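Q: One structure follows; several queries about it will come next.
The values are calculated or read from the model by the stated rules, or taken from the named source; none is laboratory data. None of the values given here were measured: they were computed from a predicted structure. Every residue, glycine among them, receives a Cβ derived from its backbone with ideal geometry; neighbour counts consider all protein chains shown. Note: areas computed on protein heavy atoms with side chains; ligands, DNA, RNA excluded. Shrake-Rupley method; radii C 1.70, N 1.55, O 1.52, S 1.80 Å.
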Amino acid sequence: MPQMREFFVKTTQQLQVIDITPKVREIVAQDGSDDGLCCVFVPHATAAVAINENADPNIGEDLQDALAKLVPEGIWRHDRIDDNAAAHIKAAILGPSETVPVKKGKLVLGTWQSIMLMEFDGPRERRVIVQITASLEG
Ligand code: ZN
């Protein structure tokens, strides 16, 4: 039966990129499903999940810089409420989840792909939910 798993990540900076691939792989291995889909989701409005390269950690920093250029701080309506509108907008652009195929009990990721937790309003504790749905054809 599909089972929801979760883990927590403590971010340490306002803007941060954290590779959560090892933790997700561990959950997929424990799950025991041969084939299916693995959804990685953060129940947060100022964090996101992205898949991209981790071999060069500059990519994560560049992604944060590119989003910072696209979405300036301090000019939005929501800033009058809690001064973090840019974080909400960046999180909405990237989205709160990614879905990765599972084949023979393993995540099907490209050589250069990693699953990243994108922090836009840290530091704080983030919850990551992993839901694996087994294929009916097994
Ligand atoms: Zn807010």
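Q: Taking the range 30-58, which residues are modelled with pLDDT under 95 and of a type in the set (A, V, I, L, M, F, W, C)?
A: The answer is ALA55, and nothing else.
Q: Would you point out the residue of the range 65-82, among those that are among the charged types (D, E, K, R) and open to solvent by 40 Å² or more (accessible area, probe 1.4 Å), that is nearest to GLY36 (Cα to Cα)? Quick ask: steps written out before the conclusion?
A: Step one: filter the range 65-82 for residues among the charged types (D, E, K, R), giving 65, 69, 73, 77, 79-80, 82.
Now drop any that are not open to solvent by 40 Å² or more (accessible area, probe 1.4 Å), which leaves 65, 69, 73, 77, 80, 82.
On the way: ASP65: 34, LYS69: 37, GLU73: 40, ARG77: 42, ARG80: 44, ASP82: 40 Å.
That would be ASP65.
Q: Here's another thing I want to ask about it. Could you check the range 51-136 for helices (runs of 4 or more DSSP H) lying wholly inside it with 3 or more residues that are away from the ligand (no atom under 16 Å from the Cβ)?
A: 58-70
Q: Going residue by residue through the range 116-124, is there one that turns out to be open to solvent by 80 Å² or more (accessible area, probe 1.4 Å), over 17 Å from VAL40 (Cβ atoms), of a type outside the set (Lys, Arg) and touching a strand residue (DSSP E or B) at 6+ places or on another chain (Cβ under 8 Å)? So that I can check it myself, show each step before the final result.
A: We begin by selecting, within the range 116-124, every residue open to solvent by 80 Å² or more (accessible area, probe 1.4 Å); these are 123-124.
With over 17 Å from VAL40 (Cβ atoms) added as a condition, the list becomes 123-124.
Those still in the list that are of a type outside the set (Lys, Arg) too: 123.
This time we only want the ones that are touching a strand residue (DSSP E or B) at 6+ places or on another chain (Cβ under 8 Å), so: 123.
So far as the range 116-124 goes, yes, one or more of its residues are open to solvent by 80 Å² or more (accessible area, probe 1.4 Å), over 17 Å from VAL40 (Cβ atoms), of a type outside the set (Lys, Arg) and touching a strand residue (DSSP E or B) at 6+ places or on another chain (Cβ under 8 Å).
Q: Return the residue satisfying two criteria in turn: it lies in the range 83-106 and is open to solvent by less than 20 Å² (accessible area, probe 1.4 Å) and among the aliphatic types (A, V, I, L, M), and of such residues it is nearest to LYS69 (Cα to Cα).
A: In this case the residue turns out to be ALA86.
Q: Next question. One residue is enough: does the range 27-48 have a residue meeting the conditions under 20 Å from VAL9 (Cα atoms), over 13 Å from the mean Cα position of the chain (by Cα) and among the small types (Gly, Ala, Ser)?
A: Yes, the conditions are met somewhere in the range 27-48.
Q: Additional query: For the range 3-43, give me each residue that is open to solvent by 70 Å² or more (accessible area, probe 1.4 Å) and in a loop (DSSP other than H, G, I, E, B).
A: THR12, GLN13, GLN14, ASP34, listed by residue number.
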